[in-house]
Amino acid sequence: RPGQLLVDKIFANGALGLMQISIWIVIAILSMTAAPGIGDLINGFLRSVSLTLPTALVMAVYFVLGYLMFAAIFGGVGAVSVSVREGPQFASIAIFPAMIPFFIITIFATTPNDALPTILSIVPFMSPLAMPMRLLVTDVPFLQIALSIGLQLILVLVLFWMAGRLFRV
């Protein structure tokens, strides 16, 4: 079925992306052991970042949900695009709202619990980028995290359904 084909393509590309990241990590580890000066520099930076295991796991959930969201969007865009030039124009409509948290990163860094960062970290499309930014600088209430993940999951399911319908056509 076309929807299943789309889902399989998305997961295959995700597996390739994870393999690429794994290769980068191996190369980074080998570089740090081969050149001790680089290792000291990187370790010094990593010591300044306080990232707990629960925070890393929540950020991994947002990474997966963000990946699935963009994959479904790009799958749908690819299904309706008739030329290579047309696809990026359609995709930019969906990418721009997701980038809004990066445009106001100073607000996230200085006042992460104000209304704007809180709202952007809960609203789908923006939460895969906004919530990890908040998680790194403040303690986010569990209810906000759960609401944000739930809404993002609903959006991903709706986008997959829509992309499958477009892909079928």
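The values are calculated or read from the model by the stated rules, or taken from the named source; none is laboratory data. Here the structure is a predicted model, which is why all the values come from computation and not from measurement. Backbone-built Cβ (ideal geometry, glycine too); neighbour counts: all protein chains shown. Surface areas here come from the heavy atoms of the whole protein model, side chains and all, with no ligands, DNA or RNA. Shrake-Rupley method; radii C 1.70, N 1.55, O 1.52, S 1.80 Å.
Averaged over residues, the count of other Cβ atoms within 10 Å places the peptides 156-165, 98-107, 70-79 in the sequence 70-79, 156-165, 98-107, highest first.
In order along segment 71-88, the phi-based Karplus estimate (6.51 cos²θ - 1.76 cosθ + 1.60, θ = phi - 60°) of 3J(HN,Hα) comes to 5, 5, 4, 5, x, x, 5, x, 6, 9, 7, 9, 9, 5, 6, 6, x, x Hz; Gly and Pro are listed as x. Measuring nothing but protein heavy atoms, the accessible surface of the chain at 1.4 Å probe radius is 76 percent carbon and sulfur. Only Lys, Arg, Asp and Glu carry charge here, each on its Cβ (+1 for the first two, -1 for the last two); on that basis the chain has a dipole of about 440 debye about its Cα centre. According to the square roots a ≥ b ≥ c of the eigenvalues of the Cα gyration tensor, what is the shape class of segment 49-139, taking rounded for a/c under 1.5, prolate for a/b larger than b/c otherwise, and oblate for the remainder? Prolate is the answer for segment 49-139, as a/c is 1.5 or above and a/b outweighs b/c. Relative to the longest principal axis of the Cα atoms of the chain, helix 2-34 runs at roughly 20 degrees.
Labels on offer are [x] 2, 9, 18, 22, 22, 15, 8, 3, 1, 0; [y] 1, 8, 17, 19, 17, 15, 11, 7, 3, 0; [z] 1, 8, 13, 16, 17, 15, 13, 9, 5, 2, 0, 0, and the one holding P(r) over Cα pairs in 5 Å bins from 0, in percent computed from this structure is [z].
Between the Cα long axis of helix 142-168 and the first principal axis of the chain there is an angle of about 40°, rounded to the nearest 10. Mean-square fluctuations from a GNM of the chain, with a 10 angstrom spring cutoff on Cα atoms, peak among P132, P117, P88 at P88. The residues of the chain expose, per residue, 63 Å² of accessible area to a 1.4 Å probe. Between the Cα long axis of helix 36-48 and the first principal axis of the chain there is an angle of about 80°, rounded to the nearest 10.
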